[in-house]
Amino acid sequence: MLDALLPQLHGFEIIEQTQRGERQAFVRVPPAQLFSLLGLLKQSHGFVTLTTIACADWMEDGVFGLTYVLETAERDRVLGVQTHLGRDGAALETAIPLWPQAEIFERELHEMFGIPISGHPSLGDFMLEGWTHTPPMRREFDTLKFVQDTYEMRGGREDNQDVREAIRRRKEAKKAAAAAANGDAA
Amino acid sequence: MNETIKIFHGPQHPGVTGNMSLELDLDGETIVKATTHVGYLHRGFEKLIERRTVIQAFTIVCRICVPEPDPNEENFARGIETLAGLEISERAKYIRVLILELARLQAHYLWLAGQGGSIGHGIVPQWAVGERDYILDLFEEITGGRVYHMYIYPGGVKRDLPDGLLTRLSDLLNELDKRLPEYDRVFFDNTVVKKRLQGVGVVNRAEAITNGYSGPVIRGCGIARDVRRDMPYLAYDQLEFEIPIQTDGDAYARALVRRAEMYQSIRILRQVIEQMPPTGEIQCKLPKHRKFIIPKGETFVQTESARGAYSYYMAGDGSEFLRRLQVRGPSLVHAFTLLEPLLIGAQLSDVALIMVSLGICPPEIER
Amino acid sequence: MYHHEHCEGFQCEQQQLEASLAQSGNELGALDRLMAWFRQRSLFVLAYGTGCGAIEMRPLMTSRFDAERFGIIGAATPRQADVLVISGYLAIKTLKRVIRSYEQMQAPKYVIGLGSCTINGGMYWDSYNTIKQLDHYIPVDMYVNGCMPRPEALIEGFVALQQRIAAGTPSGFERYRANIDWYKANQRRVLGDNMPPDYTYDWYHAGGVA
């Protein structure tokens, strides 16, 4: 699929490309070229649907990996157009002019990752209400620590056993039995 | 002099399809503005999956969508298989198709109950939920769970089918097939039902594809789009079935699409019973679960659920945890991009039936 | 605490149906006993599906399990409901609505917590957006565990609740009144400034704990 498509994309700097099966591919472009590529793919190459905008937090590289998943009308090809966006407040342009459903995807990106979206009409609370902590999907947000700080956990039952302890004891018993058997054999 | 009244339709309201809320501005009984509010069921699945190994995550993915959990399991399993390069056996593929189609069938029964309830039709919910329970009983026999199955496992399925299950399934299908025409008489051909559903919630065909609608919504406006046909997964390319379409785009068209899909599911299940290899591996060899490393890479998997195309974006980073799993259920777009404009000009009493007919499922919107 | 004594689960539904009719041997007066008897057989359940357990409410209410045999039926608004079923995990955003719904319900009122996630967080024990112990925020009369509990388990939970009502055991709403400050402090801890309005429990301001 990429072999046929890539020669037609003149002037785009393809940083990375992966093909997964015959019908699925991912290409990565610099953020500056993202929207011209999306527009071109929608207009002239039949990728008319934006299915989702996925975001993965690559904290160690300091970037968000954004993937705009596009589909053709016949749904015979899926193309993920990717770009890397700086983690520290780099803004993203809105894709609403191209696809209206981008509105909710971007609201979610804004809320869950704290990505500022420029040109978006309705950023605000989406799933959370009055959240003031780190945006929860960022890697540095530790959900377990947050839970321990915010909620009280119920103590275990009195007869609650530590599973790991039980497994360890069982293993030791087995080892001891095996050693004893070996000792007998010797 | 027109004064608008603002009412909150939900979250505590019997007329919403789950725990979500619609903020409606009304002029009399006519809606002039609708805003969807979600987040009442947000559990942060995507965050939880980042901290769980593959096998641990497998137990929670099915809980993302309650009325039809199995497409989640299938997506997750298939994504892991693609990333880790696992091949599943022919028999496992057929068993998965069987589970997915049964799930679709029960989801359609549940929809039928909801659609009946939303227009005040008391008989259909009683019948449909009762008959759905026969399917749940089969599920319980196969997987051990009525609603959450945790059965479709990366690399195959969790355990083999019980003895004689296919015979019982076949009997059940005959029974359901025999009873389905009763629903035509009481529901689909019912004048009152037609009056309520026809011409309500008409979806604009021109924007259906670009806006990413799917499932009965898009097939109800005349576009035969179905992942099972467009991008066949599992054994769907070896099975014969039709993709029913209707051209009106209203709630009644979607009802007819779902009704035809119930027959198609029964047809697929009958073929599965015939074509399934009688013996064979059901589970390929997996790495030890503590050492189950997902290679660096990403994939996008899609499954056709009863409500539309259900997709996962998954990225692995070479550790035993997934770096990212993004869930994109069909109702995410339906509940916002589609529903908000669709409700303008609709009557207050039609809100519930429009929501049910679009198949909006809040837990998958909010994860 | 409810324990199995004679029979198990759905095998003894009929027995459960009949048994709770003939409750006696407690210290209630005749009028109270009559009231409790009326009350236990007319439980209106608020139709608020707060979580995934709501999916099993439909089989429960329809033809197969038919909870109406036990006098259990749905109610659309909090003011007409007796029982609030918390069907699973509560997200923070829902918690606020649940508290408000609960406070709008008229006493006597009961809360059933459905599923493991109401008891200790269950599957979502490390989720940042769900509460872990329901009984810290609203008083719970009966827990039904399981993920998710079967309709039969629900019926058992309801029957156990009915037996409690018949026996005149003090129930949650009395606890809520007596310990309102503790509950409100807990609620404030997770909801912050985003608390439901005070007027939903105006008895508290009107004349203290009644």
Taking the alpha-carbon centre of each part, the distance from segment C:141-158 to segment B:74-94 in Å is 35 Å
Hull volume per residue for chain B, using the convex hull of the C-alpha atoms, in Å³ is 128 Å³
Any residue on another chain or 5+ positions along whose placed amide H is under 5 Å from the amide H of C:Tyr48 is listed here as C:Val85
Karplus-derived 3J(HN,Hα) from phi for segment C:57-70 (6.51 cos²θ - 1.76 cosθ + 1.60, θ = phi - 60°), whole Hz, x at Gly and Pro, runs 6, 5, x, 4, 7, 9, 4, 6, 9, 6, 5, 5, 4, 8
quick shape note, segment B:292-348: Cα extents on principal axes in Å, largest first -> 53, 18, 14
Non-local residues with an amide H under 5 Å from the amide H of C:Tyr110, with H modelled 1.01 Å from N and Pro and chain starts lacking one, are C:Val83, C:Leu84
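Can you sort C:Trp182, A:Trp99 from fewest to most other Cβ atoms within 10 Å of each residue's own Cβ? Please report the intermediate quantities before stating the final value.
On the way: C:Trp182 12, A:Trp99 24.
With the fewest neighbours first, C:Trp182, A:Trp99 line up as C:Trp182, A:Trp99.
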Of the listed links A:Lys171/B:Lys288; B:Lys6/C:Lys93; B:Lys296/C:Lys132; B:Lys291/C:Lys132; B:Lys47/C:Lys132, those spanning more than 25 angstrom between alpha carbons are B:Lys296/C:Lys132; B:Lys291/C:Lys132
As a percent rounded to 5, the proportion of antiparallel DSSP bridges among beta bridges in the protein assembly as shown is 75 percent
In order over segment A:60-77: 3J(HN,Hα) from phi, Karplus 6.51/-1.76/1.60, θ = phi - 60°, whole Hz, x for each Gly or Pro, gives 5, 8, x, 9, 9, x, 8, 10, 8, 8, 10, 10, 7, 5, 7, 6, 9, 9
When chain B is treated as a Gaussian network with springs between alpha carbons less than 10 Å apart, the largest mean-square fluctuation among B:Thr279, B:Thr17, B:Thr82 is found at B:Thr279
Of B:Arg91, B:Arg185, B:Arg196, the most mobile residue in a GNM of chain B (C-alpha springs, cutoff 10 Å) is B:Arg185
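Go through segment A:1-104 and name the GluC sites (Glu not before Pro) that are in a DSSP coil and have 16 or fewer other Cβ atoms within 10 Å of their Cβ. Could you put the intermediate results ahead of the total?
Numbers: sites: A:Glu13, A:Glu16, A:Glu22, A:Glu60, A:Glu71, A:Glu74, A:Glu93, A:Glu103; in loops: A:Glu13, A:Glu22, A:Glu74.
Those satisfying the criteria are A:Glu13, A:Glu22, A:Glu74.
Can you give the FRET efficiency to the nearest 0.05 for C:Glu174 and C:Phe38, using r as the Cβ-Cβ distance and R₀ = 22 Å?
Between C:Glu174 and C:Phe38 the formula returns 0.70.
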For A:144-153, C:72-81, ranked highest to lowest by mean beta-carbon neighbours within 10 Å, the order is C:72-81, A:144-153
Percent of all Cα-Cα pairs per 10 Å bin for chain A, counting from 0 up to the last occupied bin, reads 8, 27, 23, 13, 11, 10, 6, 2, 0
Tilt, helix A:102-113 to longest principal axis of chain A (alpha-carbon atoms), in degrees rounded to tens, equals 40 degrees
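Going by C-beta contacts inside 10 Å, put C:Ile180, B:Ile268 in order with the fewest on the left. Provide the component values of the computation, followed by the final result.
On the way: C:Ile180 15, B:Ile268 23.
Lowest to highest Cβ neighbour count: C:Ile180, B:Ile268.
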From the Cα centre of segment B:297-349 to that of segment B:267-289, the distance in Å is 28 Å
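None of the figures in this text is laboratory data; all of them are computed from the coordinates on show. Source: prediction; values computed, not measured. No Cβ is skipped: glycine too gets one built from the backbone with ideal geometry, and neighbour counts run over all protein chains shown.
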